[in-house]
Number of protein chains: 2
Amino acid sequence: MPELDDSFVKVAKVHGSLAWHSHDDEDELFYVLDGCLRIEMEARTVVLNRGDAFVVPKRVRHNPVAEQACLVMLIERKSTLHTGNAITDKTRSIADQLRPV
Amino acid sequence: MPELDDSFVKVAKVHGSLAWHSHDDEDELFYVLDGCLRIEMEARTVVLNRGDAFVVPKRVRHNPVAEQACLVMLIERKSTLHTGNAITDKTRSIADQLRPV
């Protein structure tokens, strides 16, 4: 996985609803490579289409939802837990995320 | 300009050759939104087309070249000088880069 200082550049295929969560200390960048991703937040929802980018600020609770399969580039600090403190059946450790597919 | 922790997410229209330079302490991510960007390095050259991303590691001397106008998303730490220690007529301060166009 490419590294950018203390961040990873991740590419993920997502489908469905991830989990409501937040990151205490880390902003998180979403960039949609293909498809459509909805990011639900408590104050508003943003809809990202291919080519759209959005930064979820630290401490903002959010839930990424892809109605159809969606390809996303994420830039996350290495310390970021991708579902925050929420543990769901979609939670993957960094070791799992680093495993070649 | 969107912020991602201690980085800026920049979108730049580039054309021509920037300058040979390096960054002592910062990796730099290039993501081509439109067009084609060549990144010359001493050991090799990479050619990035639309949708391609590349991280130039810290301390690697590089020179971005766009034969035609090219739209690039950059993720750079706030401390990053975009032409490193090289000062050219294309060098812009962060204040200049932050000015709305």
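The values are calculated or read from the model by the stated rules, or taken from the named source; none is laboratory data. Note that the structure is predicted; figures quoted are calculated from it, not measured. So basically every Cβ, Gly included, is an ideal-geometry build from the backbone, and we count neighbours across all protein chains shown. Only protein heavy atoms, including side chains, enter the accessible area calculation; ligands, DNA and RNA are left aside. Shrake-Rupley method; radii C 1.70, N 1.55, O 1.52, S 1.80 Å.
Remark: region A:86-100, residue by residue, has Karplus-estimated 3J(HN,Hα) of 7, 10, 10, 5, 9, 5, 10, 5, 4, 4, 5, 5, 7, 5, x Hz, where x stands for each Gly or Pro and the curve is 6.51 cos²θ - 1.76 cosθ + 1.60 at θ = phi - 60°.
Accessible area per residue for region A:19-68 in Å², computed with a 1.4 Å probe and the full protein assembly in place, what is it? Provide the component values of the computation, followed by the final result.
Details: 2470 Å² over 50 residues.
Value returned for region A:19-68: 49 Å² of accessible area per residue.
In a fully extended conformation the segment linking residue B:15 and residue B:49 would gain 10.8 nm over its present Cα-Cα distance, using 0.36 nm per residue. Interface burial in region A:1-23 reaches 50 Å² or more for A:4, A:5, comparing the full protein assembly with the chain by itself; accessible area from heavy atoms with a 1.4 Å probe. Taking amide H as placed 1.01 Å from N in the peptide plane, the amide H of residue B:60 sits under 5 Å from that of B:23, each at least 5 places away or on another chain. Inter-copy label distances at residue B:90, shortest first and taken from points set 7 Å along Cα to Cβ: 4.1 nm.
Pairing chain A with chain B buries about 1300 Å² of accessible area. This figure sums both sides and uses a 1.4 Å probe. When a 1.4 Å probe is rolled over the protein heavy atoms, the share of accessible surface on region B:15-101 that falls to carbon and sulfur comes to 51 percent. Straight Cα distances below 20 angstrom link residue B:58 to the lysines A:10, A:78, B:10, B:78, with same-chain residues fewer than 8 positions distant left out. Computed packing ranks the peptides B:63-71, A:69-77 as A:69-77, B:63-71, most packed first, by mean other Cβ atoms within 10 Å.
Taking the axis that rotates chain B onto chain A, the chain B residue nearest to it by Cβ, with the distance rounded to whole Å, is B:75, 3. When residue A:60 is represented by a point 7 angstrom out along its Cα-to-C-beta vector, the spacings to that point in the other copies are 3.1 nm, nearest first. Evaluating 6.51 cos²θ - 1.76 cosθ + 1.60 at θ = phi - 60° for every residue in region A:29-40, the Karplus couplings come out as 9, 10, 9, 7, 7, 7, x, 9, 10, 9, 10, 7 Hz, glycine and proline recorded as x.
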